[in-house]
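Beneath this line is the structure, given in structure tokens, with notes to follow.
The values are calculated or read from the model by the stated rules, or taken from the named source; none is laboratory data. Being a predicted model, the structure only gives us computed values, none of them experimental. Here the Cβ is made from the backbone with ideal geometry for all residues, glycine too, and neighbour counts use every protein chain on show. We work out accessible area using only protein heavy atoms, side chains counted, and drop any ligands, DNA or RNA first. Shrake-Rupley method; radii C 1.70, N 1.55, O 1.52, S 1.80 Å.
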Amino acid sequence: MSRPPALSPFRGTPAAATEPSYRRRDVLRLGATGVGALALTAACGGSGGSGSGKEIIISQGSGISYTALIIIQAKGWLEKDLPGRTITWRTVSGGNATRDGLVSGRLHLGSSGLGPFLIGWGAGIPWKIVSSLNDMPLWLVAKDRRFQSLKDFRPGDKIAAIAPGSIQSVMLQKAAQQQLGDPHALDKNIASMAHPDALQALIGGQIAAAYTAPPFQFQAVEQGARKLVDSYDLFGKHGFNVMVATQEYEEKNPDVINAVHRNIAKANDLIIKSPAEAAQILSQAEKGKIPAAKYREYLTYQGIEFTTTPHSLLKIGAFMKEVGVVKKVPGDWRETVFDTVKNENGS
């Protein structure tokens, strides 16, 4: 899916060049500067964590994971539920960009993969989950026949992922632990790249492999790539993206939080019951670049579930702590969510 300019786009820079110690830098930067920046934003009148104005700025990413949000935009549901408010949508590349937007005051709510969310939560960022968006399998794909397993990757073979710390990079670490005996064996192979760019780079032979998300992984296979890793084989069925907000924003804007959760549930219901209509909305949003029939195929792929319930937070968090990506994980998944989903059957 195409994307407008991101708040914090990645340019395909190899992780090794910008992340000399990604685990230490991610955790310490989030802990040392993230909370401080949020406090400074609030003190200076920033509109992120404490915003209660008429404009509501929400981030989303690229891919069918955001179908519910695209439906909400197309139907104008939030505008109907929140009269007098202006809803502004921003497309960003990954949960790190959402976190930075919330901390700086450029966003009020936003989407994040479980990896960046758990890193931020563990480092003290005062944010919680408003709603899950879905469960989705995430694939590592490669086109060059030289790559049959992770054992075939050499130090110079770049693997695209949104960023170190992204849910895709966490899945790569889990696969590396299983196949290579070292979860960090391929950390330096990661090249930070937005999903649409990663697909183009993979097909063009500029990178060795890509760890993206639906529909980009499906499109890669359609163009000659093949699946090397399936995240469902690593963790079982798990959550992918969630909607998040700061606790301060939720306290001042409970009507917004409740409306967002309610409309995600409504959109998910539409996707499940009327996938053809949902696919048509996606195709129209892309000005017909991808036919509605193809979107319907993607939306109904086995293992994809559109749900507001967060799944596998604890399982994925435990692995991230085991391999040193985070120092703190929740003892109960309900610690990480607002009341909107606390009574759901999460994990």
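Entry comment: accessible area of the chain is 38 Å² per residue, from protein heavy atoms only and a probe of 1.4 Å.
Within the listed set PRO310, PRO291, PRO215, the residue fluctuating most in the Gaussian network model of the chain (springs between alpha-carbon atoms under 10 angstrom) is PRO291.
Packing around the peptides 109-121, 247-259, taken as the average count of other Cβ atoms within 10 Å per residue, puts them in this order, highest first: 109-121, 247-259. Rolled with a 1.4 Å probe across the full set of protein chains, the surface gives VAL325 an accessible area near 0 Å². A Cβ-based charge dipole, computed about the Cα centre of the range 128-173 with Lys and Arg at +1 and Asp and Glu at -1, lands at about 160 debye.
Can you tell me the dipole magnitude for the chain around its Cα centre, using point charges on the Cβ only (Lys, Arg +1; Asp, Glu -1), in Debye to the nearest 20? Before the final figure, lay out each step's value.
On the way: 39 positive and 30 negative charges, 116 e Å.
Using Cβ point charges on Lys, Arg, Asp and Glu, the chain gives about 560 debye.
Determine the relative contact order of the chain: mean sequence separation of Cα pairs under 8 Å and six or more apart, normalised by residue count, in whole percent. Can you show the working numbers first?
Details: 716 pairs, mean separation 86.8, N = 347.
Answer for the chain is 25 percent.
Potential lengthening of the chain between VAL221 and LYS237 amounts to 3.7 nm, from the contour at 0.36 nm per residue minus the alpha-carbon distance.
In this structure, the pairs whose alpha-carbon distance is over 27 Å, taken from LYS227/LYS315; LYS227/LYS342; LYS54/LYS315; LYS266/LYS342, are LYS227/LYS342; LYS54/LYS315.
Between the amide H of SER132 and those of MET243, THR309, distances stay under 5 Å, these residues lying 5 or more places away or on another chain, with hydrogens modeled in the peptide plane.
Dipole check for the range 277-347: with +1 at the C-beta of Lys and Arg, -1 at the C-beta of Asp and Glu, and the Cα centre as origin, the magnitude is about 260 Debye. Here's the list of aspartates and glutamates a cross-link from LYS287 could span, going by alpha-carbon distance under 16 Å and ignoring same-chain residues fewer than 8 apart: GLU277. Whole-Hz Karplus values for the range 91-101 come out as 8, 10, 10, x, x, 4, 5, 5, 4, 4, x Hz, taken residue by residue from phi with 6.51 cos²θ - 1.76 cosθ + 1.60 and θ = phi - 60°; glycine and proline positions read x. How large, in percent, is the carbon and sulfur part of the accessible surface of the chain at a probe radius of 1.4 Å? Of the solvent-accessible surface of the chain, carbon and sulfur hold 49 percent.
Once backbone amide H atoms are built at 1.01 Å from N, HIS238 has MET136 as its partners under 5 Å, excluding neighbours fewer than 5 places away on the same chain. In this structure, the amide hydrogen of VAL229, modeled 1.01 Å from its nitrogen in the peptide plane, lies closer than 5 angstrom to those of LEU140, counting only residues at least 5 positions away or on a different chain.
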